[in-house]
Structure formats: C-alpha cells, structure tokens
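The values are calculated or read from the model by the stated rules, or taken from the named source; none is laboratory data. The shown structure was predicted, so the numbers you read here are calculated from the model rather than taken from an experiment. Note that we place each Cβ from the backbone using ideal geometry, even for glycine, and neighbour counts take in every protein chain shown.
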Amino acid sequence: MRYVIHLFDVGENYYFFCTGIALVVLFGTRACKFSWDKSIAAALAAAYMFIVLTITVFKRGPTDLPKNYFPPFWAYGMIISKSKIARDLAIQIIMNVIMLAPLGFLIPFFVEKKPILLGAACSITIELIQLITRKGYFEIDDIIHNTIGFFIGYLVYRLIMKMNWVHKAES
C-alpha cells in the first residue's frame with residue numbers, strides 16, 4: 001500500500017502545473033481541429049506523463065551508486081535466489097508494468113499508427129533522463145516492464161473499442 005501512496009505523493013504544486021499542462025494540450029488540440037474525445041485523451045495523457053516524470057525523475061535525489069544502471073534481468077535473479085529484497089523487487093516490477101498502462105489506454109485515442117512504439121519511446125525517454133541526470137537508475141528491465149504495461153493498456157483500449165463497435169452493430 002505504501003507504494004501506491006508514494007506514487008501520488010507529489011505535492012499540490014505539481015498537480016496545479018499538471019492541470020495547466022492538460023488545459024494547454026486540451027485547447028491546443030481543439031485549435032488543431034481534434035475531436036473532443038481525442039483532445040481529452042491527449043490532455044489526460046500529457047498530464048499523466050508529467051506525473052510519471054515527477055515520480056520517476058523530478059522528485060528523486062541523485063543516485064548514490066557509482067554506476068546508475070543495472071544489467072538486464074538482474075532483479076529476476078535476486079527474486080529467484082530469494083534475496084532479502086525479493087519482495088520489494090517483485091513489487092517494483094509490478095509497479096513498472098502498471099505505470100504506463102494508462103498511457104497505453106489513452107494514446108491510441110489520438111495516435112493511430114504504431115502506438116506501442118510510442119509507449120516504448122516514452123519508457124526509453126524516462127530511462128535516458130534518469131541516466132543523464134543520475135536521478136534513478138537506467139534499467140533495461142524498466143523499459144521492458146513499462147512497454148508491457150503500455151501494451152496491456154493498449155489491449156484494454158482495443159477490447160473496449162471492439163465491445164463498443166459490437167454494441168453499435170447490434171443497435
């Protein structure tokens with residue numbers, strides 16, 4: 001539970017800024033003749049991405065290790081060997097999968113071609129910012145887990161759109 005609480009512990013100023021970003025994107029996309037559903041999805045995605053960047057980069061202090069990257073799949077080895085931190089690593093993996101799922105649901109509303117590549121690009125961007133700023137750790141695993149989460153969100157989008165299409169066809 002503390003992980004979920006920590007996710008939303010970003011401070012009021014970030015939420016005000018996030019709301020501002022959402023409004024700018026909303027009105028900007030409307031000015032570009034986006035439909036309301038696409039504009040709202042774009043605004044929510046921009047606001048959510050800002051929250052993700054806040055949690056993963058802006059609110060973090062510098063890393064204390066000399067190297068701020070880990071080799072691929074290192075956490076799985078720690079989990080399998082039942083390390084003392086295995087439970088925390090498993091939760092971290094789950095949270096990384098969940099983190100970009102909302103974007104996987106929102107982005108297909110306004111990006112029709114290759115949204116999964118955009119999800120992977122979002123994850124790579126986060127990891128590169130962490131590597132360059134040394135705020136957090138660059139992990140290939142995070143890119144994989146975030147992209148899987150994005151894909152899950154995309155599958156939910158597709159399922160809902162398919163159900164909606166079936167409903168419209170039946171009426």
**OP:** Starting from the stretch 89-111, keep only residues that are surrounded by 22 or more Cβ atoms within 10 Å (Cβ to Cβ), then list their pairs with residues that are of a type in the set (D, E) whose Cβ atoms are within a distance under 6 Å, requiring at least 6 positions of separation or different chains.
**Re:** N96/D142
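Which one is surrounded by the most Cβ atoms within 10 Å (Cβ to Cβ) among residues in the stretch 112-132 that are closer than 27 Å to K162 by Cβ and of a type in the set (A, V, I, L, M, F, W, C)? So that I can check it myself, show each step before the final result.
As a first pass, look at the stretch 112-132 and keep what is closer than 27 Å to K162 by Cβ: 112-123.
Restricting the remaining residues to those that are of a type in the set (A, V, I, L, M, F, W, C) gives 116-118, 120-122.
On the way: I116: 14, L117: 12, L118: 18, A120: 18, A121: 14, C122: 23.
Among those residues, the one meeting the criterion is C122.
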Subject >> Test set (1) in contact (Cβ under 8 Å) with a residue 24 or more places away in the chain; (2) part of a helix (DSSP H, G or I); (3) surrounded by 14 or more Cβ atoms within 10 Å (Cβ to Cβ) - D37 fails condition number >> reply: (3)
Original post:
Between residues in the stretch 42-58 that are surrounded by fewer than 19 Cβ atoms within 10 Å (Cβ to Cβ) and residues that are of a type in the set (K, R) and part of a helix (DSSP H, G or I), which pairs lie under 8 Å by C-beta distance while being six or more apart or on different chains?
Top reply: none
Original post:
If you go through the stretch 1-49 one residue at a time, how many are among the aromatic types (F, W, Y) and modelled with pLDDT of 85 or more?
Top reply: 1
